[in-house]
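See structure below.
What follows draws every value from the coordinates through simple rules; no lab data is involved. Fair warning: this is a prediction, and the values are worked out from it, not measured in the lab. Counting neighbours? That spans all protein chains shown, and the Cβs are built from the backbone with ideal geometry, glycine included.
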Amino acid sequence: MGGQIALDLWARHPERVAGLLLADTSAEGETAESHAARLAQAARLVAEGMDPYAVETLYRMVAPDADRPIAPGTCSR
């Protein structure tokens, strides 16, 4: 969502953006389905907090061979 937010800010207020670096994001436009999924995810985070989300997704954000102090519990996936 960060890339979408950054691009939207730039599109709406280009005078406020001196530069923009987008990494690990996509330039695809949002569909009705992806919008609904994003809102559902946001509602889930509000209801459950960040811990369940972090447990489910951390392994995708850290290299599989990272040292355990960097990514405890993620190296076995």
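In whole percent, what relative contact order does the chain give with Cα contacts below 8 Å and a gap of six or more residues?
Relative CO of the chain lands at 18 percent.
Output the 0 to 90 degree angle, nearest 10, between the alpha-carbon long axis of helix 50-61 and the longest principal axis computed from the alpha carbons of the chain.
So the helix axis and the longest Cα principal axis differ by about 90 degrees.
Summing +1 for each Lys or Arg and -1 for each Asp or Glu, what net charge is found among the other residues whose Cβ lies under 15 Å from the Cβ of E28?
Residues near E28 contribute -3 overall.
Longest span of the chain, sites excluded, free of GluC sites (Glu not before Pro) in DSSP loop with at most 15 other C-beta atoms within 10 Å?
Result, exposed sites excluded: 31-77.
May I ask for the angle, rounded to the nearest 10°, between helix 2-12 and the longest principal axis of the chain, with both axes built from Cα atoms and the value confined to 0 to 90°?
10 degrees
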